[in-house]
Amino acid sequence: MTDEKQPFVAHLKELRDRILVCVIALAIAFVVIFYFKERLFEILMQPFVKVMPEKSSFIFTYVTEAFLTYFKMSIVAAIFVTSPVILYEFWMFVSPGLYENEKRYALPFIVFGSLCFILGAIFCYFVVMPYLYRFFVSYASEFVIPMPDLKGYMSLTLRMLIIFGLIFELPLIAFFLSRIGLINHRLLSSKRRYAILAIFILSAIITPPDVTSQILLAIPLWGLYELSIIITRFFGRKVKEDG
């Protein structure tokens, strides 16, 4: 019984240590980013500022709202910045269960994982958000002037950035799962019609209630699913490896 518990305790200790490394990296990045919070805030405001009516402005209604908005924004930015560290620690934790020839994918996993996450956020910022906020502002009139609060705007913006960042990780996740034999291109191809239905349902749930933003999420997600099929076809574990 002691022999069985020892590996489990060792795994828990390793998990604790790797989580601690991620937390320390996040804390350091947070301190640096919080120092430049005003500049980062200006950047994140631009998608809405470009479509904002002349008399419109941002407001905050609670004493702590501005500070908490900066705080939350800095934490999310720190996650983006430290994503290579987080992916590295994740890979090192799961790598003992991989074959020796699979461990060489550590560097590509970290590089492409970080790149996909950042590309998803960039796509959201430059493609999705301009249409999204233009849609909201279109309901303004002479008597209805948009006066968004900081908390609401930043919560929506950060949530969308994270969602798109995670969605763009789909091909990398498919690659990883195919390498350990959990999925293959035949499985993904056979479930394509259900996946497409799920994609549009998911897009309708996590995006605001307008068709444009839903399509802007569904189409790239569909494309990433098709890319995942291609990746698992060429890079997935071969049958002889499953022996």
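Taking 0.36 nm per residue of separation and subtracting the Cα-Cα distance, full extension of the segment from Phe143 to Ile75 would add 20.8 nm.
The count of lysine pairs in the chain that are at least 8 places apart or cross chains, and whose C-alpha atoms lie under 22 Å apart, stands at 11.
Toward the positive end of the charge dipole of the chain, with +1 on the Cβ of Lys and Arg and -1 on the Cβ of Asp and Glu, the farthest Cα among Leu150, Tyr105, Ser178 is that of Ser178. Estimated from the Cβ-Cβ distance and a Förster radius of 30 angstrom, the FRET efficiency linking Ile122 and Phe90 is about 0.85.
Estimated from helices alone, the mean residue ellipticity of the chain at 222 nm is -24500 deg cm²/dmol (sum of -39500 (n - 2.57) over DSSP H runs with n ≥ 4, per residue).
Electrostatic tally near Thr82: other residues with Cβ closer than 15 Å to its Cβ, Lys and Arg +1, Asp and Glu -1, net 0.
Determine ³J(HN,Hα), in whole Hz, for all residues of the range 196-206 in sequence, where each value follows from phi through the Karplus function 6.51 cos²θ - 1.76 cosθ + 1.60 and θ = phi - 60°; x replaces Gly and Pro. Going residue by residue, I get 5, 4, 5, 4, 6, 5, 4, 4, 5, 7, 8 Hz, with x marking Gly and Pro. Mind checking the log10 I(q)/I(0) for the chain at q = 0.11, 0.12, 0.15 Å⁻¹? Debye, one equal scatterer per Cα, no solvent, two decimals. Debye intensities relative to I(0), on a log10 scale: -0.74, -0.85, -1.15. Using the Cβ-Cβ distance between Lys55 and Leu197 with R0 set to 45 Å, the FRET efficiency from 1/(1 + (r/R0)^6) comes to roughly 0.55. A full extension of the chain between Ser190 and Arg104 corresponds to an added length of 28.0 nm, given 0.36 nm per residue minus the alpha carbon distance. Database remark: amide H of Asp149 closer than 5 angstrom to the amide H of Ile59 (H placed geometrically; neighbours at sequence offset of 5 or more, or on other chains; Pro and chain starts carry no H).
The slack in the chain from Val111 to Ala10, taken as 0.36 nm per residue of separation less the alpha-carbon distance, amounts to 33.5 nm. Residues of the range 105-122 with an amide N closer than 20 Å to a point placed 7 Å from the Cα of Ile28 along the Cα-to-Cβ direction: 107, 110-111, 114-115.
Bear in mind these aren't lab numbers, they're just calculated from the coordinates by the rules spelled out. Everything numeric in this text was worked out from a predicted model, so none of it was measured. Here Cβ is always computed from backbone atoms with ideal geometry, including for glycine, and neighbour counts include all displayed protein chains.
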